[in-house]
Each structure stands twice: as C-alpha cells, then as structure tokens.
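What follows is one structure encoded as structure tokens, with my remarks underneath.
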Amino acid sequence: MRSPRRFRGILAPIAIIALVLAVWVGVSILTLPSVAYLAKPRVSIVITVKDWERKGHPFVVGPRNPRWTPYGVISPALKKAVVASEDADFYSHEGVDYEAIREAIKTDLRKGKFVRGGSTITQQLAKNLFLTRERTLIRKVKEIVLARRLDDALSKSRILELYLNVVEFGPMVYGIGHAAHYYFGKPPSALTVRECAFLASMLPGPKVYNPYRRMDRVMKRSDRILRRMVAARMISREEYDAAISEVPNLEGIARKVEKTLKTPPPEEKPPEGAPVGPMVIEPSPLAASPEPGSEEDSAPKSQDTE
C-alpha cells in the first residue's frame, strides 16, 4: 500500500510543475507582439541593438533610417548568397525548418550545450526584431511562433528585405546599406558576386568571422557559399570563376574597424519622441508613394524565387 502512495506523492509535484510551465509558456506566447504592421513598407520601428561591449543602442528599422535599402535596390547576388548561406529552403518552408531544428537538437544533446540553433532567415528576423539573444528553450519557442506569424503575414521578399536591413555585419554595422558602404564604399546595388558572398559569410557571427582578424576563415566560408550558389544554379559557371578569382578590396578599412572596436559609433537617434522599442513609427501623412523597390501595402503574399 505504501508504494502507490509514495508514487502519487512523487507524481503530484511533477504534475504541478508541468502545469505551471505549460501556463507560463502559454502566457508567453499569448503576449507576443503582433507582426501585421511589418507588412506596410512605409512603417518604421525602433528596436535596441547591442555593440560588442553589450551596450544597447536604438536602431531604426524602416524608411526613417537613412541607410534603409528597399528590396529592389539590393543586389540580386546578395539575396542569393544569403539564402545559400543561411537558409537553402527559404522559399519553400513556412518560416520554420523542422528538420534543421531536429538536427540542431541532436547536436546540442550530443555536445551538452546549445551549439546549433537550426534557425531559418525568418526565425533570425524574429529574434533580431523582438527577442533577446539568450539561448533558452522558451526563447526558441517564441522564435518559432513569431517566425510562423511572419511567414503568414509577409511575402518572402519583404522578410528578406527586413532581414538584410537589420542583420549585423560587424561592430555596430547593422544592415546592408551600412555594410556595403562601410566595407566597400559602394551602394548595395553595386556589389559584386564575390563581395556579396564575402558579406554573407559573416552572418553566422561577425566576431567569429571577422575579416581583419580571421581573413582566412572569412574567405574559406565565402568560397563555400560561392560553390553552393553555382551548384544551386543561382549563378553561372562564368560568374563563379570570376568571383572565385576576385579578392575583396578592403584596403584602408582595417584601421576603421579597429577604431570601431575600441569606440563604437554614436547611437543612432530615433525620431524625436519615439521610445526604444520595438515601437511602431507611423509613416508621415505627406508620404504619397512607396519606397523604390518596396511592395505596396496591399501586395499579396507570394513565394518569390529571387
């Protein structure tokens, strides 16, 4: 008679803990922010980004940022390089790659710590816009839920546009508009195929893939991305041969990067009166037309192929 009682005595606390955890997860999901406003190309939001000393800075995502680069102005080669590098099934999945998550879980269990995240481009966007960088199970659940919502609400081109304008390419170098000028002194539309692969190679972590401290590592990863691109027929064999023989011209930038590491650039000033967010900044009523290369507010969701 004692064994069943003892068994029930063990099960009761476990059941209570499981119920509390379920309620906590449920409340966390229910209180996640809406993503619907991100479908409007003229809307901007203010988020907080971190420099390499973990200090927070306000950052504007959207046309209110002078470095904002609409989808149509971004080099097609960069879009392809980022997809080849970060999320080969970007155009076919619904925001989450469950097979990649399963593989990541296996790796994490084998290593005994969070090593791989299995995150798609859409999940990375959700994390960059709405979540912290802490590696916890609940944050991963939030990331997956937000990624599904983003995929439901936005077109693939809009997701890629937002991602490329918010992702980190170096110390306080956020977004492709800043990165193209910072590293190569040119607009994103003028980047070569090699330069696109070079920038995409830094996306897993610009600290690990730092071209001024581990140029060999960056170039090797850049070469792998180019091989993936030609194998997937994203670029021709001629484009591949030209890119693989090109050495990115970074002359004179090393001193700039070292200076930035010591003293991050001044904080970007959000529009007056806008608190650090994510906080939606409605477009000016004087704005009569969408940004060049952006989609109309009413554009239907589509499976883009570029």
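Of the residues making up segment 66-86, just one is under 17 Å from Ala232 (Cβ atoms), of a type in the set (D, E, K, R) and surrounded by fewer than 21 Cβ atoms within 10 Å (Cβ to Cβ), namely Glu86.
Screening His57 against (1) under 25 Å from Lys40 (Cβ atoms); (2) touching a Pro at 6+ places or on another chain (Cβ under 7 Å) leaves a single unmet condition, (2). Inside segment 129-157, residues that are within 15 Å of the chain's Cα centre (by Cα) and of a type in the set (Val, Ile, Thr) make up a count of 2. Assess whether Arg139 counts as being farther than 26 Å from Arg233 by Cβ and assigned to a helix (DSSP H, G or I). Against the criterion (farther than 26 Å from Arg233 by Cβ and assigned to a helix (DSSP H, G or I)), Arg139 qualifies.
Inside segment 161-178, residues that are assigned to a helix (DSSP H, G or I) and within 14 Å of the chain's Cα centre (by Cα) make up a count of 7. Does segment 68-84 contain at least one residue that is modelled with pLDDT of 90 or more and more than 18 Å from the chain's Cα centre (by Cα)? Scanning segment 68-84 turns up at least one residue that is modelled with pLDDT of 90 or more and more than 18 Å from the chain's Cα centre (by Cα). Segment 202-271 holds helices (runs of 4 or more DSSP H) entirely within its bounds, and those carrying 3 or more residues that are surrounded by 15 or more Cβ atoms within 10 Å (Cβ to Cβ), at pLDDT 90 or above and in contact with a Ser or Thr (Cβ under 9 Å, 6 or more places away or on another chain) map to 215-231. None of Arg116, Arg110 is surrounded by fewer than 19 Cβ atoms within 10 Å (Cβ to Cβ) and either part of a helix (DSSP H, G or I) or at pLDDT 65 or above (or both) except Arg110.
The values are calculated or read from the model by the stated rules, or taken from the named source; none is laboratory data. Keep in mind that what you see is a predicted model, and the values were worked out from it rather than measured. All Cβ positions, glycine included, derive from the backbone under ideal geometry; neighbour counts span all protein chains shown.
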